[in-house]
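Accompanying notes for the structure given below.
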Amino acid sequence: MRIFLLTGLLLWSAVVIVRAQECRYENYFYLCHAASADIKDGAPEKAVGHYKRAFAGDHFPFGIHLHEALNLAIQMKDTTWMKGISIQLAKGGVPLTFFAKLKDQPWYSIFEQSFPEYAQHFKNHFDLELRKQLLELRTKDSLFNISYHRWRKGEIELSLESLIADATGLSSGFIQLVKKYGFPCEQKMGYYMEEDKIADLPVAILLHHLYQFGEMILRDHLTEMVCDGKLRPQQQAQLIRVSGFGNGTGIEQEMQIRYGKRMGNRN
């Protein structure tokens, strides 16, 4: 075992302890972070080099990294790289409408004609049922959190039993997804768009809410998932800081504490 820092540039706060040969994505994340730092420092040429090296291996690149690299390729007028990234994103499920800004590129007409092939690749190589179920669970999570915060602010009334039942349903739903399909990630489901931007799949946010409610699902496996390219180091760093009011021993304990606080404030 050896200790290494997933970034040499002191951005990531999580120090990970693993066997070096098991952390396949260590160098990938280092290069992507270096590219982002180069862009912020006004050194796009260096960023191009770092991103091209990151994507040269056999790793499945994250959508947000490809999106940043695509913007970089546009800035640098690197049409060959631009086309390659666009095809990779299209094969990962990004719709044709996302690429409208590239209509003036000399390669776009062929890209558009070939798009049904890319869309079929997405259907053939990614689990659309897992994707559908994950997004449905995220919708339920969002609705529950809206209700919870309205209750917390005294706008509506909810019973302790209903809070426990709803949060438990989300936890059980996520656990069943993992048991049936494995950990939900871009490698399995393809890329995700939110507000016309390529974004992270809503996996870390689901875990974040479950951790807040006392369910520390897979917390001991976050490092493993980073090293397998299923989560980004930044997501891990955020998740390991999340806790509720209790001891992380489960939803029932956490909700009892939250319910007691709410009733105490009310009185």
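Values in this text are rule-based calculations from the coordinates and carry no lab data. Computed from a predicted structure; not experimentally measured. Reconstructed Cβ throughout: ideal geometry from the backbone, glycine too, with neighbour counts over all protein chains shown.
Key figures for this structure:
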item: Estimated FRET transfer efficiency when R0 is 41 angstrom, pair Lys153-Glu129 (beta carbons, to 0.05); result: 0.65
item: Partnerless cysteines, meaning none of the other Cys C-beta atoms lie under 4.7 Å away, in the chain; result: Cys32, Cys185
item: Extension gain from Ser172 to Ala119, taking 0.36 nm per residue of separation minus the Cα-Cα distance; result: 15.9 nm
item: Relative contact order [Cα under 8 Å, 6+ residues apart], the chain, whole percent; result: 20
item: Under the span-like rule (Cα at least 24 Å along the axis, Kyte-Doolittle mean at least 0.0), DSSP H helices of the chain; result: 160-181
item: In range of the label at Gln75: residues from the stretch 36-60 whose backbone nitrogen is under 15 Å from the point 7 Å along Cα→Cβ; result: 36-52
item: Mean Cβ count within 10 Å, highest first, over the residues of peptides 112-125, 28-41; result: 28-41, 112-125
item: Inter-centroid distance (Cα atoms) of the stretch 78-97 relative to the stretch 110-183, Å; result: 26
item: Inter-centroid distance (Cα atoms) of the stretch 28-59 relative to the stretch 192-228, Å; result: 24
item: For the stretch 153-267: relative contact order, % (alpha-carbon pairs under 8 angstrom, 6 or more apart); result: 27
item: Simple label model, 7 Å out from Cα along Cβ direction - Asp196 to Ser109, nm; result: 2.6
item: Met193 long-range amide H proximity, modeled H, under 5 Å; result: Ala199
item: For the stretch 154-267, the spread of Cα positions along each principal axis, largest first, Å; result: 49, 32, 26
